[in-house]
Amino acid sequence: MINIPKGTKDVLPDKSYRWHFIEGTVKELAKKYCINEIRTPIFEHTELFLRGVGDTTDIVNKEMYTFLDKGNRSITLKPEGTSCVARAFVESSLNGQPQPTKMFYITPVFRYERPQNGRLREHHQFGVEYYGSNSPNADVEVMQVASNIFKSLGISNILLSINSIGCPTCRAKYNQALKEFLSSNIDKMCSTCHDRFEKNPLRILDCKEAKCIAINQDAPLILDYICDDCREHHNLVCAGLDSLGINYIVNPRIVRGLDYYTRTVFEFISENIGAQGTVCGGGRYNNLVEEVGGKPCPAVGFGMGIERLMMTLDNLGLSCGNPYIPDVYVAPICDEAKQMYMSFVSTLRDSGLCVESDLMSRSLKAQMKYANKLNTKYVILLGEEELSSNSCSIKHMESGESTIVKLDKVIEFIKVGK
């Protein structure tokens, strides 16, 4: 037997309705905000992620699925969605359209890491991207979108944490202060932090090694170093969240794990999925479009893990949709019925009903047993006596009552009963 690769998971037919439910919920909310869908390829040129995500990040250093194709080109399975959207924004000249450009995506992403709860080597993200607006209101609106997704799903115990990591100008001052702090401790830190010390000291704050986390607790706070413009932006974001009644805390330790972030960064954290409780993360990335070859363009957005969202719903005992249940099961029980029932079933389906029927040549007893397992509300019995009068017998499975109904009145009968 060939087994599924480690870190991947099948979505089986009896569970796919959960995905439909969540995807339907986020799509409906995106519609209210006039956010249109974008779909980008599963793989991209590796250079996109080196330039966009950053070559000192864990994703690029440790987690990307990269290979050479038959043309000897370096190709990478997308480890996140934002860089791909930025590439599409530039390549398709979307900056020439009226701004802002508001997009969402639902996509698989691939990261070679130790599989953990809700974070497989292939997992799925819902993301929202706003391009063209430098307004703090854009930051607030994308956080509101995420917050309203949780509300729509009935999730209330989600904590929003926000921070500002400044712009390249004020971050340079902070990096110098951070290096001065770390210089006396760097020999106690992991080898990855050693490599980052000169290239990108901010990334050290994102290290997950216990000894590095302990040292970083005493590191200077970036909020103490941001410039006046960045501070004003941060204060206006906080004021916007206050005006909408969105609860949050300012957490000066949040830096996020990707190099493209500027100014606002945020995380929505759940206590119901273990230690790694981030369900949604995002922020502003005003330099990303330029990094991937476009003209300077501000942008802000987030990514939300769908598997982690499902785990949160499960752990809270919340509904995650329902499987498809037939409105009616059609059971042919004579030779004449077996010749014509598929046409009858098609007529019922064309009317909008969800219909199942016998494709296994089961006996009547077996068909009734199967219909009961499907939790169908009605079973239509087509036998010689019924067909001779152009009728059928409709059994209500819960009450056990049967009713003789003319074939041309069946649809009306079922829909009224629904």
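The values are calculated or read from the model by the stated rules, or taken from the named source; none is laboratory data. Source: prediction; values computed, not measured. With ideal geometry, Cβ positions are generated from the backbone for all residues, glycine too; neighbour counts draw on all protein chains shown.
Tabulated values for the structure
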quantity	calculated
Test: N235 is in the same structural domain as T25 (by TED's automatic domain parsing) and touching a Ser or Thr at 6+ places or on another chain (Cβ under 6 Å)	no
All positions within the stretch 143-174 that are buried (at least 16 other Cβ atoms within 10 Å of the Cβ), at pLDDT below 90 and more than 22 Å from D314 (Cα to Cα)	C170, R171, Y174
Top-ranked residue in the stretch 393-418 [being more than 19 Å from E356 (Cβ to Cβ) and in a helix (DSSP H, G or I); ranked as nearest to the chain's Cα centre (by Cα)]	V416
Qualifying residue in the stretch 23-41 (condition: over 28 Å from K208 (Cβ atoms), over 19 Å from the mean Cα position of the chain (by Cα) and crowded, with 20+ Cβ neighbours inside 10 Å)	no
Test: G52 is in the same structural domain as V128 (by TED's automatic domain parsing), in contact (Cβ under 8 Å) with a residue 24 or more places away in the chain, within 15 Å of the chain's Cα centre (by Cα) and within 30 Å of E198 (Cα to Cα)	no
Criterion: acidic (D, E), within 30 Å of the chain's Cα centre (by Cα), in the same structural domain as F266 (by TED's automatic domain parsing) and on the phi < 0 side of the Ramachandran plot - qualifying residue of E209, E129	E129
Candidate set from the stretch 257-278 (those that are out of contact with any Leu (no Cβ under 6 Å at 6 or more places or on another chain) and among the β-branched types (V, I, T)); member that is modelled with the lowest pLDDT	I273
Pairs, first free of Cβ contacts under 8 Å to residues at least 60 places away in the same chain in the stretch 361-375, second surrounded by fewer than 15 Cβ atoms within 10 Å (Cβ to Cβ), C-beta under 6 Å, six or more apart	N375/I325
Members of the stretch 80-109 that are in contact with a Cys (Cβ under 8 Å, 6 or more places away or on another chain) and surrounded by fewer than 19 Cβ atoms within 10 Å (Cβ to Cβ)	N95
Listing of helices (runs of 4 or more DSSP H) fully contained in the stretch 97-209 that carry 1 or more residues being of a type in the set (G, A, S), in contact (Cβ under 8 Å) with a residue 12 or more places away in the chain and closer than 30 Å to G245 by Cβ	136-152
Qualifying residue in the stretch 350-372 (condition: more than 41 Å from the chain's Cα centre (by Cα), of a type in the set (A, V, I, L, M) and not in a helix (DSSP H, G or I))	no
Flag if L309 is at pLDDT below 95 and assigned to a loop (DSSP other than H, G, I, E, B)	no
Total residues in the stretch 210-250, condition assigned to a loop (DSSP other than H, G, I, E, B), within 30 Å of R114 (Cα to Cα) and without any contact (Cβ under 8 Å) to a residue 24 or more places away in the chain	1
Residue satisfying all of: in the stretch 264-296; in a loop (DSSP other than H, G, I, E, B) and surrounded by 23 or more Cβ atoms within 10 Å (Cβ to Cβ); nearest to the chain's Cα centre (by Cα) among these	I273
Criterion: more than 21 Å from the chain's Cα centre (by Cα), under 30 Å from K377 (Cα atoms) and assigned to a strand (DSSP E or B) - qualifying residue of V345, V330	V330
